[in-house]
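The values are calculated or read from the model by the stated rules, or taken from the named source; none is laboratory data. Note that this is a predicted model, so its numbers are computed, not measured. Ideal geometry is used to build each Cβ from the backbone, glycine not excepted, and the neighbour counts take in all protein chains shown.
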Amino acid sequence: MSRNQLMKLAAALAVAFAAALAARFLMVEPRGAALMCASEQAQWWCPLRGALVPVMQYYVFGVVSVVTGLVGLVFGGRAWGAAALLSGAVGLVLYNAEPAAVGFVLGLIVVMRKREPSSRRARKHR
């Protein structure tokens, strides 16, 4: 993976991590946010909060991270690894730590492993 691609991935990871932190500490954790969303004076972001809570309860970010990491590991493709890293980072922040950590590491392996040259792969299969 080139240095430019790594920098783009690192920036995307930072944005995903920051967005997850903001969602956690501004929308999910504060008791006042839950009370406000239950009242008639609900803010514009209350439907987002309402959708995010079940997603966190059912470990969606962690499961997506593990699945995309495994697909990337088995079939190759750094895009799968990047997806595992991004969903794993979000899952680590949003209460899906166990499966998200596994998916994050799988994504890291997929993204960082070296690719075989195509001529070398062709010789192996003969």
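Worth a mention:
- Candidate set: region 17-72, residues that are modelled with pLDDT of 95 or more and in a loop (DSSP other than H, G, I, E, B); chosen: the one farthest from A97 (Cα to Cα): Y58
- Scope region 80-112; condition among the β-branched types (V, I, T) and under 11 Å from L9 (Cβ atoms); matching residues: V111
- Filter pass, A11 being surrounded by 18 or more Cβ atoms within 10 Å (Cβ to Cβ), among the hydrophobic types (A, V, I, L, M, F, W, C), modelled with pLDDT of 95 or more and in a helix (DSSP H, G or I): no
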